[in-house]
């Protein structure tokens, strides 16, 4: 049991305590011909002094948790934005809408909650929301499903930490294939199987659920699958999720993510 507990904590720590990590992302995901490609926290700070401060400021902790999906969506959206880590969280916390991060500061006010921020971005860009109502519905379903998967991993981690479950019970998340159980008990393999089926039924092709492949729901899914990869292993996901190969792994997807760029997430809020 001790070994199973240690393995689970090691995996969860891999994506809950990133701090400074090299991340492989799609070529062009953070590309911009008029600015440096260095990332500040969870977003890219515009470092060209001739460029005015962006209208949007995104703040989150140096973790692979609730932050990356929004950073990806912001960059894909084409909106002018900057990202930062909180310099003084104790002081910042009381000023946030719900005493938590992430937050997005906009001309109209500050927005809290990851999913609310993602949908705000979707309202600013049609390709981020979905080209039509069908794509909008696909994106929103992915948004919710990816959040369910993320919350399940977090819940198991907390239950294990407080000894509400054993290490073996936590490890079962990665092996359980029972689709007949209540959805609150679904294991990773069930979630991945459902995603595979949804990918096919929604007409997904080339690693894209929608025509753009970068809707807010797809950004959230990418972030969650990458968290699973960090918590478990890329090889495990490759063995159990064909769609995962297309979405995340250039080595196994016929160049769908060819020419990936490595970007450093630092812990000072500076690029």
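Does the stretch 226-241 include one or more residues that are modelled with pLDDT of 90 or more, touching a helix residue (DSSP H, G or I) at 6+ places or on another chain (Cβ under 8 Å) and either on the phi < 0 side of the Ramachandran plot or in the same structural domain as residue 70 (by TED's automatic domain parsing) (or both)? Checking the stretch 226-241: not a single residue is modelled with pLDDT of 90 or more, touching a helix residue (DSSP H, G or I) at 6+ places or on another chain (Cβ under 8 Å) and either on the phi < 0 side of the Ramachandran plot or in the same structural domain as residue 70 (by TED's automatic domain parsing) (or both).
Close contacts from the stretch 93-114, counting a first residue that is in the same structural domain as residue 60 (by TED's automatic domain parsing) and a second that is part of a loop (DSSP other than H, G, I, E, B) and loosely packed, with under 12 Cβ neighbours inside 10 Å, with Cβ to Cβ under 7 Å and a gap of 6+ residues or different chains, come to 93/99; 112/98; 113/98.
Of the helices (runs of 4 or more DSSP H) lying entirely inside the stretch 95-210, the ones with 3 or more residues being over 20 Å from the mean Cα position of the chain (by Cα) and surrounded by 17 or more Cβ atoms within 10 Å (Cβ to Cβ) are found at 167-171. Scanning the stretch 149-180 for residues that are within 12 Å of residue 192 (Cα to Cα) and modelled with pLDDT of 90 or more gives a single hit, 149. Checking every residue in the stretch 80-94 against the condition of being over 20 Å from residue 226 (Cα atoms) and modelled with pLDDT under 75 gives zero matches.
Filtered by the rule that a residue be more than 21 Å from residue 139 (Cβ to Cβ), surrounded by fewer than 21 Cβ atoms within 10 Å (Cβ to Cβ) and in contact with a strand residue (DSSP E or B) (Cβ under 9 Å, 6 or more places away or on another chain), the stretch 68-94 gives 80, 84, 86, 92.
The values are calculated or read from the model by the stated rules, or taken from the named source; none is laboratory data. Since this is a predicted model, take the numbers as computed values, not measurements. Positions of Cβ are generated from backbone atoms using ideal geometry, with glycine treated the same way; all protein chains shown enter the neighbour counts.
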